[in-house]
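Chemist: I'd like to ask some things about the structure below.
Where a number appears in this text, it was derived from the coordinates with a stated rule and is not lab data. Keep in mind it's a predicted model, so treat the numbers as computed, not measured. Every residue, glycine as well, gets a Cβ built from its backbone with ideal geometry; the counts of neighbours run over all protein chains shown.
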Amino acid sequence: MASQVASVFAGIAQAPEDPILGVTVAFNKDPSPVKVNLGVGAYRTEEGKPLVLNVVRCAEQMLINDPSRYKEYLPITGLAEFNKLSAKLIFGADSPAIQENRVVTVQCLSGTGSLRVGGEFLAKHYHEHTIYIPTPTWGNHPKIFTLAGLTARTYRYYDPATRGLDFNGLVEDLSSAPLGSIVLLHACAHNPTGVDPTVDQWEKIRQLMRSKSLLPFFDSAYQGFASGSLDKDAQPVRMFVADGGELLMAQSYAKNMGLYGERVGALSIVCGSADVAVRVESQLKLVIRPMYSSPPLHGPSVVATILRDSEMFNEWTVELKAMADRIISMRQQLFDALKSRGTPGDWSHIIKQIGMFTFTGLNSEQVAFMRRISMAGLNMKNLPHLADAIHAAVTKLK
């Protein structure tokens, strides 16, 4: 009987698959016995399995064994210790902004939630409502900021000809942006290209942005996961903090602690003074309260347990570097495999790019065959098959 009742939602159209998550859907439907899923944005071991860090398991066991722990709601701003330690991790323990109480940090639902909260805060309290995002960027960025009430525009970033950074285009576009515009910056391991500015280029970007009062909004999803060094990957952010200017910072612990499903993140806003920071925090609470009221407890407790303990922190850095090194090794081995096959073209961009993702440089027809490669999905077993597939795409579909 119920199936015959007309639905008030009958006119709703079928939504398209998410272009990134849709890769996994297509993979699951593919009957090929030698298929390789390189679309997932999550780390995989050499055996192709998800990884839970040993230090994370230890931290969780400590939390389970603590009889004093409870399951009460967290405050709107989240776990205070987690917020404090997260700010120190990205800005540095000796950061003048932290010492001067100019940083306000709120726990959010991973990087996505941090971006959304920051976007809504800016839409309500910042005089410019235009945010410039790089071309290309993570597919969710324009959707997040548009729904938050901002207008998303683009600036040039990736140069298909060199398979590297279009630095001149970037500078030209930011130079022509209206004074005070918001600019989204990938802190390290740009998603999806794997192309990052050099330190010198970052300094030029910083000088340009400060000269035009452009507001930096950093997205840091891969601190420590890109180079294997937490401090090196945070260097661009710290350059902007050191000049005394203001900025926003979205952090995620999905990749660098493997806490994907725990949705652990933080939004920090570096303000001009401690007094401003207090007022900014009060307004962030008003953004968060009707959105999700308060954040989860377990994930940030794991992070705080690891960050507060020197031995656990050191163990984490070792495991983190091992993940980064394996991805760097896969890049080198893929480059070597293509070179040994005599695959036409210059493939050096694979080892010049950094982090989880790479842009192959394949053309549109070849892209239909192989669109987006997550280096974290590569291992010694499937790498030769991937190299063969790229070689076939390049030689047969010119």
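Chemist: K124: which lysines have alpha carbons under 27 Å from its alpha carbon, excluding same-chain residues fewer than 8 sequence positions away?
Modeler: Straight-line reach from K124, under 27 Å: K84, K143, K212, K285.
Chemist: Sticking with this structure for a sec: If we sort 49-60, 8-19, 180-191 on the protection proxy, mean other Cβ atoms within 10 Å, highest first, what's the order?
Modeler: 180-191, 49-60, 8-19
Chemist: Follow-up question, since we're still on this one. Lysines near K352 by alpha-carbon distance under 25 Å, same-chain residues fewer than 8 away left out - which ones?
Modeler: Within the straight-line limit of under 25 Å, K352 reaches these lysines: K204, K232, K255, K321, K339, K381, K398.
Chemist: Let me ask another. Comparing S176, S348, S252, which has the greatest mean-square fluctuation in the GNM of the chain with Cα pairs linked when under 10 Å apart?
Modeler: Fluctuation is largest for S176.
Chemist: With r defined as the distance between the Cβ atoms of E47 and D18 and R0 fixed at 35 Å, what FRET efficiency is calculated, to the nearest 0.05?
Modeler: 0.85
Chemist: Let me ask something additional. Quick one: which residues, 5 or more positions from L247 or on another chain, have an amide H under 5 Å from its amide H? H modelled 1.01 Å from N in the peptide plane, none for Pro or chain starts.
Modeler: Distant-sequence amide H within range of L247: V270.
Chemist: Now a separate question. Measure nothing but the geometry: give the 0 to 90° angle between the long axis through the Cα atoms of 80-91 and the longest principal axis through the Cα atoms of the chain, rounded to 10°.
Modeler: 60
Chemist: With an 8 Å cut-off on Cα pairs and a minimum separation of 6 or more residues, tell me the relative contact order of the chain in percent.
Modeler: Once divided by the residue count of the chain, the mean separation gives 23 percent.
Chemist: Mind giving me the nanometre distance, one decimal, between the label points for S213 and K285, set 7 Å out from Cα along Cα→Cβ?
Modeler: 3.0
Chemist: Taking 45 Å as R0, compute the FRET efficiency from the Cβ-Cβ separation of I64 and K124 and round it to 0.05.
Modeler: The formula returns an efficiency of 0.65 here.
Chemist: Starting from the Cα gyration tensor of the range 133-278, take the square roots of the eigenvalues, sort them a ≥ b ≥ c, and report rounded, prolate or oblate (rounded when a/c is under 1.5, otherwise prolate if a/b is larger than b/c, else oblate).
Modeler: Taking the square roots of the gyration eigenvalues as a ≥ b ≥ c, the range 133-278 is rounded.
Chemist: Taking the Cα atoms only, what angle lies between the long axis of helix 274-288 and the longest principal axis of the chain, rounded to 10 degrees?
Modeler: Here the helix axis deviates by roughly 60 degrees.
Chemist: Using alpha carbons only, how many degrees (0 to 90, rounded to 10) separate the axis of helix 54-64 from the longest principal axis of the chain?
Modeler: 40
Chemist: Extension gain D159-V276, at 0.36 nm per residue separation less the Cα-Cα distance, in nm?
Modeler: Going from the current span to full extension adds 38.2 nm.
Chemist: Next question. Tell me, how many Å apart are the Cα centres for the range 157-181 and for the range 87-106?
Modeler: After rounding, the separation between the Cα centres reads 29 Å.
Chemist: Continuing with the same structure: For the chain, modelled as a Gaussian network with Cα springs under 10 Å, which listed residue fluctuates most, D196, D166, D66?
Modeler: Looking only at D196, D166, D66, the largest GNM fluctuation is found for D66.
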